[in-house]
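So the structure is just underneath, and the comments pick up after that.
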Amino acid sequence: MKKLLISVGFLLLSFGVFAIEVNKTELEENQQDSIQFENYGGPHAVIESADAILGIGTKLGEEVSSNLENPIAVQPYAKYSVYHVVGSSEENALDADILFLNENAGVDHINNLRRIITGFLMAAYGYSQEDSQTLSVFITVYNAVYHGSLSNFSGKYKNAVLTYLTEDSVGLSTNWQDWAGKTQIVIPLGVIGQGTASVETSVISDENVIEALRSEEDKNIEVRESMADIKEKEASNASENAKTAQKEAAQAKKEGDKESAKENAKTASEQQKIADKKGDEAKSEREQIAKDKEEIKKESLKNEKYITSLFVADEKEKLYTLMTVNFSDGSVYKKSDLKQIRDKNIYQTDGGFIAMCGVNDKKSTVKLCLIDLESLEITKQSEETLSESGPLVFFKDLYYVILNEDGKNYLASYDKNLNLKNKSSVPVKASSPVNIYQEGILVTDSSGKPVILSLSNLNSVFQ
């Protein structure tokens, strides 16, 4: 069975130009063995496109980009707010952007939260989409590692930043149910000046963050390689800046402008320190990645057998979930975020597992779902809403369920791609058994009487 990028589960980034800098040094103290985000896994009553979610962050970032050198509050009373906090230049500490997920925020999956951050970084600081995606992974893991640890931020961020942070909300919980109204995602920033700024990659990829990423079975090789790429680009940019400043210092000295010569020499020294620091970090990480690749290669040679099966998620409500188990030792390899499978009947196809899932509440509804064989996440759901109490039955390449439409229930058939093929000509009971015979399908109609439906079109054979 192919190994999965479980905890990161999102796209990668790389650096283009110096944008606002996020500080790394600051993330280096508290460590958790692993960061595994628990997402909402059920079907949604309302589905937003990936571009629409990216656009949430883009709108926030556009307002910040208009005036990077000054503090600004963006949409403070909306679902998502950003406070661009620029403190006193006299303080030897970090500025920051703080993303608030307010009480009416609807984001419930780490991938979508990262899309919001990706859009923000692209619009605010000019990062490429690929680089912004990588940074969003590290930012979320960083905030999860230090979630609820206000002491970690004290003394590292400027006083203006600390006034917005609270012990119970700083950082990011690993459980989506704790996000709305209780999340302050901190993005540490480097030096802000002359209308530019950037995320300080050293802070968001400190030792504790890297170890959290390495603790996964796949060791999150891809996203770590992408961060190394970013740092190498940062080192190259800083090295070029140092050379330019050195030339300008020499020219100013030649012209007798001692003040300019001194300033440019100082800039050259600072930029060379950055180049050396980023280069050393990238080199060290690539060495660790090479070792991790060898370890993964050795592990993959072991003959292990994985089985994916149903397990009870909520005994009272009779809801189920999927887990992939290593049969050699009984350990759980992968837990599904989907904990709302409604029927013990679940069918595997080449495109995934087909199951009836969901509950009828404000967030969710009951749908026929297609679940990825490896990630165990929903990849597609039926357009139609199903009866909560109906069964799921498979017969001759079709999947039979009872759907709910305008207050009435009908037997319906779907293909393996969740395309609706037929709907019964007569209403049936919401909890009707579905008995399939060669002569037809026997169900209970809405009045409680037996009715036989044609296999070919689900019309009543008596009509």
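The values are calculated or read from the model by the stated rules, or taken from the named source; none is laboratory data. Everything numeric here is computed off the predicted structure, so don't read it as measured data. Don't worry about glycine lacking a Cβ; one is built from the backbone with ideal geometry, like all the others, and counts go over all protein chains shown.
All conditions but one from (1) loosely packed, with under 14 Cβ neighbours inside 10 Å; (2) under 30 Å from residue 180 (Cα atoms) apply to residue 406; the one that does not is (2).
Within the range 357-380, is even one residue assigned by TED's automatic domain parsing to the domain that holds residue 419, polar (S, T, N, Q), surrounded by fewer than 20 Cβ atoms within 10 Å (Cβ to Cβ) and not in a loop (DSSP other than H, G, I, E, B)? Within the range 357-380, one or more residues are assigned by TED's automatic domain parsing to the domain that holds residue 419, polar (S, T, N, Q), surrounded by fewer than 20 Cβ atoms within 10 Å (Cβ to Cβ) and not in a loop (DSSP other than H, G, I, E, B).
Within the range 440-459, the presence of a residue that is under 17 Å from residue 366 (Cβ atoms), touching a residue at least 12 places away in the same chain (Cβ under 8 Å) and surrounded by 16 or more Cβ atoms within 10 Å (Cβ to Cβ) is excluded. Say whether the condition of being touching a residue at least 24 places away in the same chain (Cβ under 8 Å), closer than 28 Å to residue 68 by Cβ, surrounded by 21 or more Cβ atoms within 10 Å (Cβ to Cβ) and within 17 Å of the chain's Cα centre (by Cα) is met by at least one residue in the range 149-170. The answer is no; no qualifying residue exists. Of the candidates 441, 402, 436, 354, the single residue that is of a type outside the set (Phe, Trp, Tyr) and either in the same structural domain as residue 109 (by TED's automatic domain parsing) or within 20 Å of residue 313 (Cα to Cα) (or both) is 354.
Among the candidates 205, 226, 149, which residue alone is polar (S, T, N, Q), under 30 Å from residue 337 (Cα atoms), at pLDDT 90 or above and not assigned by TED's automatic domain parsing to the domain that holds residue 39? When all the criteria are applied, what remains is 226.
For the range 171-181, give me each residue that is in a loop (DSSP other than H, G, I, E, B), at negative phi and either touching a residue at least 40 places away in the same chain (Cβ under 8 Å) or surrounded by 20 or more Cβ atoms within 10 Å (Cβ to Cβ) (or both). 172, 174, 179, 180 - these are the residues of the range 171-181 that are in a loop (DSSP other than H, G, I, E, B), at negative phi and either touching a residue at least 40 places away in the same chain (Cβ under 8 Å) or surrounded by 20 or more Cβ atoms within 10 Å (Cβ to Cβ) (or both).
The numbered conditions (1) surrounded by 19 or more Cβ atoms within 10 Å (Cβ to Cβ); (2) more than 30 Å from residue 49 (Cα to Cα) are all true for residue 342 except (2). Against the test of being aliphatic (A, V, I, L, M), closer than 16 Å to residue 272 by Cβ, touching an Asp or Glu at 6+ places or on another chain (Cβ under 8 Å) and outside any loop (DSSP other than H, G, I, E, B), the options 245, 235 yield a single qualifying residue, 235. Note on the range 297-339: residues that are within 18 Å of residue 218 (Cβ to Cβ), surrounded by 14 or more Cβ atoms within 10 Å (Cβ to Cβ) and small (Gly, Ala, Ser) amount to 1.
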